[in-house]
1. Quick check on the range 181-195. Is at least one of its residues open to solvent by less than 60 Å² (accessible area, probe 1.4 Å) and either charged (D, E, K, R) or not in a helix (DSSP H, G or I) (or both)?
2. What is the number of the single condition among (1) of a type in the set (D, E, K, R); (2) part of a helix (DSSP H, G or I); (3) in contact (Cβ under 8 Å) with a residue 24 or more places away in the chain that Lys99 does not meet?
3. Considering only the range 154-163, how many residues are in contact with a helix residue (DSSP H, G or I) (Cβ under 7 Å, 6 or more places away or on another chain) and open to solvent by 90 Å² or more (accessible area, probe 1.4 Å)?
4. Could you figure out which of (1) in a loop (DSSP other than H, G, I, E, B); (2) open to solvent by less than 70 Å² (accessible area, probe 1.4 Å); (3) out of contact with any helix residue (DSSP H, G or I) (no Cβ under 6 Å at 6 or more places or on another chain) isn't true of Val52?
5. Among the numbered criteria (1) within 29 Å of Ile61 (Cβ to Cβ); (2) surrounded by 13 or more Cβ atoms within 10 Å (Cβ to Cβ), which one does Ile104 miss?
6. I'd like to know if the range 82-94 contains one or more residues that are closer than 25 Å to Pro19 by Cβ, touching a Leu at 6+ places or on another chain (Cβ under 9 Å) and either outside any helix (DSSP H, G or I) or modelled with pLDDT of 90 or more (or both).
7. Looking only at the range 142-159, count how many residues are under 27 Å from Ile61 (Cα atoms) and among the basic types (Lys, Arg).
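The values are calculated or read from the model by the stated rules, or taken from the named source; none is laboratory data. Treat the numbers as computed from the prediction; the structure is a model and nothing was measured. When we count neighbours, we look across all protein chains shown, and the Cβ atoms used for this are built from the backbone with ideal geometry, even at glycine. These accessible areas exclude ligands, DNA and RNA; they are computed on the full protein's heavy atoms, side chains included. Shrake-Rupley method; radii C 1.70, N 1.55, O 1.52, S 1.80 Å.
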Amino acid sequence: MAGYRGKFKGLIDGALTLPLVLPPTVVGFLLLILFGKNGPLGKLLMALGTSVIFSWPATVIAAAVVAFPLMYRTVRSAFEQIDQNIIYAARTLGVSEWKIFWKITIPLSWPGVAAGTVLAFARALGDFGATLMIGGNIPGRTLTIPAAIFFAAEGGEMRKALIWVILIFIISLIVMTLMNYWTDYQRKMIAHNGRK
């Protein structure tokens, strides 16, 4: 999308970003229709002898769909920041598009890719509505931490809910701290290489 200039760019970009602005339950409902036994992907999976609804993969799909726009927007912005003259020079030298992507585009946009990954992970970790709609609440199979917190608090098990809250807080803090250290390391490496 960073390099696409077609007339449908706005529409495609909007569709890829839509899960960011839709309520998670709406996203979950749409996934339920898509992967349900009467949905297009559900019918295909049933023909293959499997189903996704109310399974562990369903929770992963829901969390990924809800978190995808954060990854997409961050990575697209990183790609758009790359100096196009570098890409043009590589093409002039006969470098294939595949090599340009892996050897030039990805390394130059790596901080944005990493930031998008962390943002998407954090958003997916905290998803409640979409994962509950398509994955359900099956302890030991599809129960996510946010759902465990909700159902523990709703059942009056405040101590259990607090344990889950502390766990998700610690996981999130560790991920964000590692990301901050990594970003500082990248800045120092860029500054060090710039002085050479």
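1. no
2. (3)
3. So the count comes out to 1.
4. Condition (3) is where Val52 drops out.
5. Among (1) within 29 Å of Ile61 (Cβ to Cβ); (2) surrounded by 13 or more Cβ atoms within 10 Å (Cβ to Cβ), the lone unmet condition for Ile104 is (1).
6. Looking for residues that are closer than 25 Å to Pro19 by Cβ, touching a Leu at 6+ places or on another chain (Cβ under 9 Å) and either outside any helix (DSSP H, G or I) or modelled with pLDDT of 90 or more (or both), one finds none in the range 82-94, hence no.
7. So the answer is 0.
Yes/no matrix, rows are residues, columns are (1) touching a Lys or Arg at 6+ places or on another chain (Cβ under 8 Å); (2) open to solvent by less than 70 Å² (accessible area, probe 1.4 Å):
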{"site": "Leu34", "(1), (2)": "no, yes"}
{"site": "Thr59", "(1), (2)": "no, yes"}
{"site": "Ala67", "(1), (2)": "yes, yes"}
{"site": "Val75", "(1), (2)": "no, yes"}
{"site": "Thr92", "(1), (2)": "no, no"}
{"site": "Ser96", "(1), (2)": "no, yes"}
